[in-house]
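Novice: Take this structure, written in structure tokens, and hold onto it; I'll ask about it next.
The values are calculated or read from the model by the stated rules, or taken from the named source; none is laboratory data. Being a predicted model, the structure only gives us computed values, none of them experimental. Methodologically, a virtual Cβ is constructed for each residue, glycine included, from the backbone with ideal geometry; neighbour enumeration extends over all protein chains shown.
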Amino acid sequence: MNEHQQTLFEFMQQQADKLGVQTLQHIGLTFISLLIAVIIGLPLGIYITRQKKISGLVLGIAGVLQTIPSIALLGFMIPVLGIGAKPAIVALLLYALLPIIRNTYTGITGVNPAVKEAAIAMGLNKWQVLFKVELPLAMPVILAGIRTATVINVGVATLASYIAAGGLGEFIFGGISLNNTNMILAGAIPAALLAILFDFLLSRLQRLNFKKIRGAVKAAPVLLVLLACLYFIPSAYGSKLTAGFTPEFMGRQDGNLGLVSKYGLKIHTIVINDAVMYKAAQEKELDVISGYSTDGRLKAYDLVVLDDDKKIFPPYYAAPIVREDALKNFPELEKTLNLLSGLITDSVMTDLNYRTDYLHQTPERVAKDFLQSKNLLKPDKGGKNGIVRIGSKIFGEQYILASIYAMLIKGYTDYDVATKTGLGGTKICFDALTNNQIDFYPEYTGTGLLAILQAPTQTVTRLQASKDSTYNYVQRQFQEKYKIKWLKPIGFNNAYALMMRQKQANELNIKTISDLKRYLEIK
Amino acid sequence: MIKVENLVKSFGTVKAVDNISFEVNDGENMVLLGTSGCGKTTLLKMLNRLIEPDSGSITINNENINAQPAEDLRRNMGYVLQNNGLFPHYTVAQNIAVVPSLLKWDKAKTLSRVDELIQKLHLSKDHLDAYPHELSGGQQQRVGLARALAANPPVLLMDEPFGALDNVTRSKIHDEFKALDELKRKTIIMVTHDVQEAFELADRIALMDNGRIVQTGTPTELLFNPVNDFVRGFLQHQRLQLELRAVKLANIWDYLPTGGRKINTSLIPATAGVWEALKNFKFFPRETINLLNQQNREVKSVTFDELMSAYSQFKIQQPHE
């Protein structure tokens with residue numbers, strides 16, 4: 001694809017600064033949350049050995065916390081704690097609690113009763129029994145719990161990048177979005193190594209004999225605090241405004257890289273997941289965000305798109321891309337999918353997105369209302385002539401398009417439909433298509449050009465001006481390389497855009513990205 | 001002097017200790033004997049407040065044990081458990097020094113006390129830095145005893161202290177136990193279900209059943225003046241051996257023939273049991289052993305037959321059951 005295929009090592013070298021920062025953040029996040037989890041979990045674990053009646057309840061609650069999917073847990077945190085380190089640390093510490101509480105409880109209740117009785121009979125008071133006998137004897141079990149918690153935390157901390165808390169997840173999720181294997185590995189390998197390293201070190205600690213363990217246990221809190229401090233080192237810089245960009249935007253030529261090279265924009269930037277970015281902007285946690293020009297939340301959160309006066313964002317016209325095999329197998333498919341061509345303009349798409357994202361209508365309902373308004377809705381024919389598999393990426397607009405296509409196929413052809421929605425980012429969706437897991441999905445010309453074809457810079461610059469030239473280029477290239485056909489564009493252009501709160505933009509008199517740059521440069 | 005009055009303890013509907021009263025004199029070795037479940041361990045644990053009684057009182061030297069904090073009470077009472085209860089994360093030296101360190105003894109005093117106990121209990125100095133799991137069962141039990149004795153408490157409580165040991169080790173430790181100077185000055189209350197052990201170590205035995213003390217008395221009293229069939233039955237199985245152990249040479253002294261040669265052999269004190277004397281016979285023709293009555297410095301030299309004959313005359317004189 002590229003003229004020069006970059007190796008992983010080259011990538012890591014090139015990104016060494018970022019990699020270092022992310023690794024430090026990752027270790028820091030892991031250990032801040034671990035430290036707090038120990039501070040909470042250890043006394044709680046001890047307490048429930050004294051109050052056995054509530055032990056079931058406490059362990060039960062900690063167990064339930066453990067079962068909440070990590071992304072969902074991070075999601076719950078945002079309304080309460082906003083974005084950034086705070087919610088990430090709280091979420092991580094909630095995951096770390098169960099192993100620590102449970103192992104503390106198990107460890108202490110597992111102390112030989114004869115030893116405990118002897119301790120009491122020797123005249124140790126209850127604190128002495130705890131600190132001189134129970135805790136030292138339970139320590140290997142407690143350490144095992146801390147070890148489990150550490151490994152869980154290293155893993156879950158990759159998700160912290162979703163809510164702008166940094167860590168190696170920035171590379172991993174950026175890489176998935178950008179179809180950049182090197183970037184994924186540059187995040188995943190260090191994360192895995194960290195997990196293995198900490199697991200190994202703690203296993204050594206666990207195996208030390210009683211005499212040495214006492215010193216080690218005393219040193220542990222100090223070490224823990226030091227490691228936790230690592231998180232704060234990288235964040236020692238700032239600027240007037242804070243930008244929140246998705247991992248995908250961060251790594252793209254038509255994203256942050258272009259902003260830096262073409263505009264010379266220097267802004268304090270944090271990496272954040274798309275799902276929480278708009279909310280964070282509305283709540284003034286972020287001032288500038290990357291987004292999509294047709295996003296319904298633009299309307300919902302009263303945001304304004306900054307004009308791309310230097311044209312770094314190429315056109316992103318949406319069109320279904322279909323495997324040629326599928327077009328042969330389902331002769332009526334192309335005609336049916338093209339029913340939609342030219343029907344959805346930017347404003348229509350923004351409105352449809354607004355309904356799902358903000359009014360929380362289901363994509364099916366939005367799709368149905370839309371088709372009805374265009375007089376395209378036909379009843380389901382209950383087709384039995386094969387099943388067309390529709391894919392979609394994991395955001396609202398794609399869900400709506402997938403639903404519209406599903407209804408069209410059911411109403412106009414004899415095919416049945418299977419939808420595979422939520423196929424993550426571009427890479428996952430496109431791989432599913434080339435590997436014959438799905439038959440088509442809606443893609444954007446700009447994504448095809450930059451993320452999938454990874455076209456050289458000169459080509460991109462040449463094509464960027466016109467929407468048709470981009471469309472023609474990707475259509476030709478996809479046909480040649482992947483035997484995949486771009487059908488007619490749906491109509492709207494879901495390009496990248498920088499946006500700010502309407503009010504703030506007005507106050508600062510920022511209308512274009514160049515305005516933003518000038519504002520930031522005023523000291 | 002320990003005085004227990006009307007002590008009651010129930011677990012649910014079971015009366016583990018049912019209105020028990022008894023006294024233990026200073027320096028006395030009192031053994032609580034009974035089958036498992038008779039309440040003897042519960043009774044023992046109430047003495048150092050590991051278990052609090054439902055009602056009744058315990059006084060030591062006329063002071064109620066509730067008058068001081070439980071920790072202070074316990075630091076003045078040695079406690080030895082069946083499974084030794086040594087701290088597995090402490091070395092032998094640290095284990096022995098537990099109570100002295102609680103009492104904030106200075107280092108030198110503690111060290112010299114640990115050394116002293118190691119010697120008295122026939123442990124090697126090499127063991128000081130070992131951990132309990134590196135020792136044999138007998139050695140562990142000795143360390144447990146050393147730990148209980150470390151701060152020189154006037155009272156020693158022992159809960160089946162030798163119960164987990166094999167017979168050979170146990171009888172060896174019994175002998176050491178009896179020979180240990182330090183124990184002779186202490187008031188000891190020991191729980192056991194082993195009749196032999198009780199007879200060997202006790203000054204007085206309190207035989208328990210169903211949460212009550214059935215009879216308190218010296219081994220001889222229990223054997224020859226049992227208050228009821230329960231006591232008689234309890235001792236029945238090992239009666240002959242118990243009697244031979246319980247009956248001292250002093251008891252049968254008058255039935256032994258006077259005089260005899262004083263050849264240069266060891267003298268057996270009259271405080272020893274008949275059993276002890278019998279063990280000294282090597283069985284060769286016309287063999288005699290020399291017995292010494294310390295009270296009047298009289299020495300008697302007797303044969304096996306003469307000893308047995310004296311014993312049987314003593315038995316005939318006892319009240320018939």
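Novice: Give the number of residues within region B:64-88 that are within 18 Å of B:K186 (Cβ to Cβ) and polar (S, T, N, Q).
Specialist: Going through region B:64-88 one residue at a time, the tally reaches 1.
Novice: Identify all residues within region A:415-445 that are among the acidic types (D, E) and either closer than 19 Å to A:E248 by Cα or touching a Pro at 6+ places or on another chain (Cβ under 8 Å) (or both); write none if there are none.
Specialist: A:D431, A:E443
Novice: Of everything in region B:89-104, what is more than 7 Å from chain A (Cβ to nearest Cβ) and not polar (S, T, N, Q)? Give them in sequence order.
Specialist: B:Y90, B:V92, B:A93, B:I96, B:A97, B:P100, B:L103, B:K104
Novice: Just checking, how many residues over region A:361-385 are under 19 Å from A:A326 (Cβ atoms) and either at pLDDT 90 or above or out of contact with any helix residue (DSSP H, G or I) (no Cβ under 9 Å at 6 or more places or on another chain) (or both)?
Specialist: Looking only at that region, the number is 2.
Novice: Somewhere in region B:50-64, is a residue within 14 Å of chain A (Cβ to nearest Cβ) and among the polar types (S, T, N, Q)?
Specialist: Scanning region B:50-64, I find no residue that is within 14 Å of chain A (Cβ to nearest Cβ) and among the polar types (S, T, N, Q), so the answer is no.
Novice: Since A:A164 meets every condition but one in (1) within 14 Å of chain B (Cβ to nearest Cβ); (2) closer than 30 Å to A:D431 by Cβ; (3) not β-branched (V, I, T), which condition does it not meet?
Specialist: (1)
Novice: If only one of A:L73, A:L65, A:L81 is of a type in the set (A, V, I, L, M, F, W, C), buried (at least 19 other Cβ atoms within 10 Å of the Cβ) and modelled with pLDDT under 90, which one is it?
Specialist: A:L73
Novice: Additional query: Among the residues in region A:501-517, are any more than 30 Å from A:K284 (Cα to Cα) and surrounded by 17 or more Cβ atoms within 10 Å (Cβ to Cβ)?
Specialist: no
Novice: Moving on. Which is surrounded by fewer than 17 Cβ atoms within 10 Å (Cβ to Cβ) and over 28 Å from the mean Cα position of the chain (by Cα), of B:T303, B:T288?
Specialist: B:T303
Novice: Given the options A:V64, A:V90, A:V38, name the one that is under 30 Å from A:A281 (Cα atoms) and assigned to a helix (DSSP H, G or I).
Specialist: After ruling out the rest, the residue left standing is A:V90.
Novice: OK, next. I'd like the full set of residues that are hydrophobic (A, V, I, L, M, F, W, C), assigned to a helix (DSSP H, G or I) and either more than 14 Å from every other protein chain (Cβ to nearest Cβ) or in contact with a Leu (Cβ under 8 Å, 6 or more places away or on another chain) (or both), limited to region B:123-162.
Specialist: Passing the criteria: B:V143, B:L145, B:A146, B:A148, B:L149.
Novice: Looking at region A:244-303 only, could you name the residues that are in contact with a Lys or Arg (Cβ under 6 Å, 6 or more places away or on another chain) and in a loop (DSSP other than H, G, I, E, B)?
Specialist: A:L265
Novice: Also, I was wondering about something else. One residue is enough: does region A:399-415 have a residue meeting the conditions in contact with a helix residue (DSSP H, G or I) (Cβ under 7 Å, 6 or more places away or on another chain), modelled with pLDDT under 90 and polar (S, T, N, Q)?
Specialist: No, region A:399-415 contains no residue that is in contact with a helix residue (DSSP H, G or I) (Cβ under 7 Å, 6 or more places away or on another chain), modelled with pLDDT under 90 and polar (S, T, N, Q).
Novice: Any idea which of B:I188, B:I213 is closer than 26 Å to B:L81 by Cβ, within 14 Å of the chain's Cα centre (by Cα), in contact (Cβ under 8 Å) with a residue 40 or more places away in the chain and not in a helix (DSSP H, G or I)?
Specialist: The match here is B:I188.
Novice: Inside region B:82-117, can you point out the residues that are over 28 Å from B:E160 (Cβ atoms) and among the small types (G, A, S)?
Specialist: Across region B:82-117, the qualifying residues are B:A108, B:S112.
Novice: Quick test of your reading of the structure: B:D115 fulfils all but one of (1) crowded, with 20+ Cβ neighbours inside 10 Å; (2) away from every other protein chain (no Cβ under 14 Å); (3) modelled with pLDDT of 90 or more. Name the failing condition by number.
Specialist: (1)
Novice: Tally the residues that are at the interface with chain B (Cβ under 7 Å from one of its Cβ atoms) and in contact with a helix residue (DSSP H, G or I) (Cβ under 7 Å, 6 or more places away or on another chain), restricting the search to region A:107-118.
Specialist: Number satisfying all stated conditions: 1.
Novice: Among what's in region B:17-49 and is in contact with a helix residue (DSSP H, G or I) (Cβ under 8 Å, 6 or more places away or on another chain) and within 13 Å of chain A (Cβ to nearest Cβ), pick the residue that is nearest to B:G78 (Cα to Cα).
Specialist: Only one residue fits best here, namely B:N48.
Novice: A follow-up question, please. Take the conditions away from chain B (no Cβ under 14 Å), touching a residue at least 40 places away in the same chain (Cβ under 8 Å), of a type in the set (V, I, T) and crowded, with 19+ Cβ neighbours inside 10 Å and apply them to A:T104. Does it pass?
Specialist: It is true that A:T104 is away from chain B (no Cβ under 14 Å), touching a residue at least 40 places away in the same chain (Cβ under 8 Å), of a type in the set (V, I, T) and crowded, with 19+ Cβ neighbours inside 10 Å.
Novice: Also, I was wondering about something else. Suppose we filter A:A121, A:A144 for residues that are on the phi < 0 side of the Ramachandran plot, assigned to a helix (DSSP H, G or I) and within 12 Å of chain B (Cβ to nearest Cβ); which single one remains?
Specialist: Matching residue, one of A:A121, A:A144: A:A121.
Novice: Another one. Take region B:84-101 and flag every residue that is crowded, with 20+ Cβ neighbours inside 10 Å, over 27 Å from the mean Cα position of the chain (by Cα) and over 13 Å from B:L128 (Cβ atoms).
Specialist: Matches in region B:84-101: B:H89 only.
Novice: If you don't mind, another one. Counting residues that are basic (K, R) and without any contact (Cβ under 8 Å) to a residue 40 or more places away in the chain, which helices (runs of 4 or more DSSP H) fully inside region B:228-321 reach at least 2?
Specialist: So the answer is none; nothing clears 2.
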